There are 4 protein chains.
Amino acid sequence: MAKPHKAGAAREIGRMEAFSDGVFSIAITLPIVELSVPHIAAGGTLMGAIGHEWPTYLAYGLSFLVIGVYWVHHHFTGKIYARADHGFVLANMFFLAAVAFVPFPTRLFTEYLADPANRGAASVVYTVSLAIPTWAWVLKWLYARRTRAMDLRLDDAYLDKLTRTYVITAWLMLGAVALSFLDWRVGLGLAAALTLYHLRAPPWPVYEAAEAGRPSPEAEQT
Amino acid sequence: MAKPHKAGAAREIGRMEAFSDGVFSIAITLPIVELSVPHIAAGGTLMGAIGHEWPTYLAYGLSFLVIGVYWVHHHFTGKIYARADHGFVLANMFFLAAVAFVPFPTRLFTEYLADPANRGAASVVYTVSLAIPTWAWVLKWLYARRTRAMDLRLDDAYLDKLTRTYVITAWLMLGAVALSFLDWRVGLGLAAALTLYHLRAPPWPVYEAAEAGRPSPEAEQT
Amino acid sequence: MAKPHKAGAAREIGRMEAFSDGVFSIAITLPIVELSVPHIAAGGTLMGAIGHEWPTYLAYGLSFLVIGVYWVHHHFTGKIYARADHGFVLANMFFLAAVAFVPFPTRLFTEYLADPANRGAASVVYTVSLAIPTWAWVLKWLYARRTRAMDLRLDDAYLDKLTRTYVITAWLMLGAVALSFLDWRVGLGLAAALTLYHLRAPPWPVYEAAEAGRPSPEAEQT
Amino acid sequence: MAKPHKAGAAREIGRMEAFSDGVFSIAITLPIVELSVPHIAAGGTLMGAIGHEWPTYLAYGLSFLVIGVYWVHHHFTGKIYARADHGFVLANMFFLAAVAFVPFPTRLFTEYLADPANRGAASVVYTVSLAIPTWAWVLKWLYARRTRAMDLRLDDAYLDKLTRTYVITAWLMLGAVALSFLDWRVGLGLAAALTLYHLRAPPWPVYEAAEAGRPSPEAEQT
């Protein structure tokens, strides 16, 4: 009975990742429908009309960047997680809802960026929306660590290092939210810096020495 | 000839699940396009304008929750079903159409929730739309049981237990629809309770003792 | 060198099918964004306003049905095709463009169905749009037969039977288009009958006797 | 430790391709939402109203063609790339953002094509948007060559030939952009010719003679 059990669990990670990849690919591509062909104001030029729509292009680019960074890390941790129980699936669902939501506050932010009266409020909302997925991420990660859902061959020190990175990021994001209420530029700047920081490559998995030569069944499966 | 036949059947489940996952991931993500940047009324604030749009955020969250619950169970029963014949594919298609439809009555419900004159009617429609997928689910499940499409190694008592859960849920959902005509709060409350009930983990598959040690070809494939 | 060649070809079918499934799942789900929450006319009720939008619900259902039927057959022939060369990929791309287009004329048709002055024209357009994918399908199928892209173990008589079904369907669809210019009810009725006819299960693959016991590499892969 | 490392890398290509295929399938299908049912002007006919919307149909077709061509080549090079490091994933993300953006300038171009005052500007924007993905493609390709991410069994002369094709295409596309400022017909004509040129089949992979009989682990996996 052990075998079907293990196979069932491996299967769960594979399909859950495929479903998550589907949500990611839609969330990252959908913002294109917000780009509508501009109408030229009387006496204006097409280039002027296109230029006038810069907030929608910026929103498309920013959404792609932020969701792209999350996909890269989601993809990377697909090698780390080895099992998915029911709680993990629910935590992942919450994480996906938070990531798929990002394009909306992004549009809100870019739309009001040139409006001095409201850009502060729009920035606070945007900063909050950047912070929520980092907390959903940490929730998912800590849940997986507590239930020992990671590949057991991974080195504990390596996993601890990732835990530190994720937890510190989430707290700094919360700090960014708090700061954004005082000065939106500072809060948003910190949130942006944290996002850009995670553009760098995640640390390469380190496996326990004794286990090193043994290939895992998951690793073979693509 | 037996081999290609079996392999063909296994294939059918794999691709049908992948297609279904595609529909699920789109249906769950698409509601984000309904969230549009609010325009500030004269004398108003951005936060006020954002707050005024609460029905669209609630609709996004509710759609994600309901479709998410269905995905979890769809994903779970992917381990239960072993074969898919033509009738099963059609039943699954009807189920997908019912699930992908959910975001529309959800928006309808949240949009009219603050309108005392119409929220009753909107709630009835929403309750009906929550009931239909449970019946599509039962249809698919009973069809699969009748055609012996489940993994044959599974324990009959286990499958009977799932059948009971699904059938009782569907009848209670029908009861919720009937009640919603009398009092929308009661009907919708029951439908919501049933949905939340299914957030819990489905029971872990039980295999027949004699078969326990034998791995299945499907289980290995992810 | 034979091996990488064969593996490469098999790969092409797998990814092409996955990409096609992606297009199918989006095309079938997207029409939900056309369903907008109705606004109640002065003196009207919500149920009346919802009822007034029946063309959009009908369009959702019809699109799901038609694209669903194509997916079932696309999925089924995934077992038939064994190789995909460049021309086949292009033919498949044209077929996907024709299928993904279907929701638009479907909406056009349902929107004008209650308008006696224009429903004839709308029906002609809809009938044409139902005919085009059948021709794209035949194009793809005949190309594959000519380039011997089908699983070579399949019985020729079986493939000939499928060819007949597909070619006759396409010609009848062309006839439906011609008839629709004379009487839209007759033309559309024939096109609808042909679509519903293809809801039935496709004939189960028949393999050549001598080859029967030999499993194919593709069949094992899901 | 070598084994998990290699397996991990292979995995990365598989999932990255699946995610990319998701983005492609959404980007190619989404333009259908831009096709809205036309309203008939006073004294007009439905056919006239439909005909009046020709720019949206043309945009749908052009987007499908251009994104389709990119998918074919993306799919083809899935056989060429064997490894994906972090930089490659980021380069691919940029490439996807450029491809998913294409439908917007396509609509812009078709919408203003019949407007003599603005079609020049619209064409320049469209030509630029066709050029950007060719540069993103070259960036990704050269990065992969520099980091030796291609299947090592491939013949160097074969890879050099592909490099030449890609680099020359990108420079010619830049030339098309420059020309489009002088005469939009010439610039756009060159860009269109380059796109159509890539409809032809890419050259079949050539493996080094010594390695020819050895199947690769990736090739087996689909």
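The values are calculated or read from the model by the stated rules, or taken from the named source; none is laboratory data. Given the structure is predicted, the values throughout are model-derived calculations rather than measurements. Note that each Cβ is placed from the backbone with ideal geometry, even for glycine, and that neighbours are counted across all protein chains shown.
Observations on the structure shown:
- Figure legend. Inter-residue proximity from region C:51-71: first residues over 12 Å from C:Pro103 (Cα atoms), second residues aromatic (Phe, Trp, Tyr) and in a helix (DSSP H, G or I), beta-carbon distance below 8 Å, spacing 6+ or different chains. Indicated pairs: C:Tyr70/C:Phe24; C:Tyr70/C:Trp137; C:Trp71/B:Phe19; C:Trp71/C:Phe24.
- Tally of residues being more than 22 Å from C:Leu35 (Cα to Cα) and either surrounded by 15 or more Cβ atoms within 10 Å (Cβ to Cβ) or modelled with pLDDT of 95 or more (or both) across region B:22-46: 2
- Of the residues contained in region C:195-206, none is found to be in contact (Cβ under 8 Å) with a residue 40 or more places away in the chain, over 18 Å from C:His75 (Cα atoms) and assigned to a helix (DSSP H, G or I).
- Enumeration of residues in region A:162-176 that are loosely packed, with under 12 Cβ neighbours inside 10 Å and farther than 28 Å from A:Val124 by Cβ: none
- Residue that is farthest from B:Phe64 (Cα to Cα), among those in region A:35-49 that are part of a helix (DSSP H, G or I) and more than 8 Å from every other protein chain (Cβ to nearest Cβ): A:Gly48
- Residue match in region C:58-77 (condition: over 30 Å from D:Leu199 (Cβ atoms) and β-branched (Val, Ile, Thr)): no
- Test: residue in region A:158-165 that is within 14 Å of another protein chain (Cβ to nearest Cβ) and out of contact with any Pro (no Cβ under 8 Å at 6 or more places or on another chain): no
- Test result for C:Leu159, surrounded by fewer than 20 Cβ atoms within 10 Å (Cβ to Cβ) and either more than 15 Å from the chain's Cα centre (by Cα) or over 30 Å from C:Arg107 (Cβ atoms) (or both): yes
- When A:Ile80 is tested against (1) aliphatic (A, V, I, L, M); (2) in contact with a strand residue (DSSP E or B) (Cβ under 8 Å, 6 or more places away or on another chain); (3) within 15 Å of B:Val72 (Cβ to Cβ), just one condition goes unmet, and that condition is (3).
- Hits in region C:80-110 - residues which are charged (D, E, K, R) and surrounded by 21 or more Cβ atoms within 10 Å (Cβ to Cβ): C:Arg107
- Residue check, B:Val69 under 16 Å from the mean Cα position of the chain (by Cα) and either modelled with pLDDT under 95 or more than 9 Å from chain C (Cβ to nearest Cβ) (or both): yes
- Filter pass, A:Leu179 being assigned to a helix (DSSP H, G or I), crowded, with 18+ Cβ neighbours inside 10 Å and either among the charged types (D, E, K, R) or without any contact (Cβ under 8 Å) to a residue 24 or more places away in the chain (or both): yes
- Residues that are surrounded by 12 or more Cβ atoms within 10 Å (Cβ to Cβ) and at pLDDT below 70, drawn from region A:182-213: A:Glu211, A:Ala212
- Which numbered condition B:His5 misses (of (1) modelled with pLDDT of 95 or more; (2) surrounded by fewer than 21 Cβ atoms within 10 Å (Cβ to Cβ)): (1)
- Near pairs, Cβ below 6 angstrom, 6+ apart or cross-chain, from region D:95-119 (facing chain A (nearest Cβ under 8 Å)) to any residue that is surrounded by fewer than 23 Cβ atoms within 10 Å (Cβ to Cβ) and of a type in the set (Lys, Arg): D:Tyr112/D:Arg119
- Residue list for region B:71-119, filter: touching a Lys or Arg at 6+ places or on another chain (Cβ under 9 Å), farther than 26 Å from A:Glu17 by Cβ and part of a helix (DSSP H, G or I): B:His86, B:Ala91, B:Phe94, B:Phe109, B:Tyr112
- Checked against (1) under 21 Å from D:Ser25 (Cβ atoms); (2) at the interface with chain A (Cβ under 10 Å from one of its Cβ atoms), D:Ser129 passes all but a single condition, namely (2).
- Enumeration of residues in region C:50-107 that are over 21 Å from D:Gly68 (Cα atoms) and among the polar types (S, T, N, Q): C:Thr56, C:Ser63, C:Thr77, C:Thr106
- Some residue of region C:148-160 being touching a residue at least 40 places away in the same chain (Cβ under 8 Å), small (Gly, Ala, Ser) and more than 22 Å from C:Leu90 (Cα to Cα): yes
- Boolean, B:Leu139 is assigned to a helix (DSSP H, G or I), more than 10 Å from chain A (Cβ to nearest Cβ), over 15 Å from the mean Cα position of the chain (by Cα) and at pLDDT 95 or above: no
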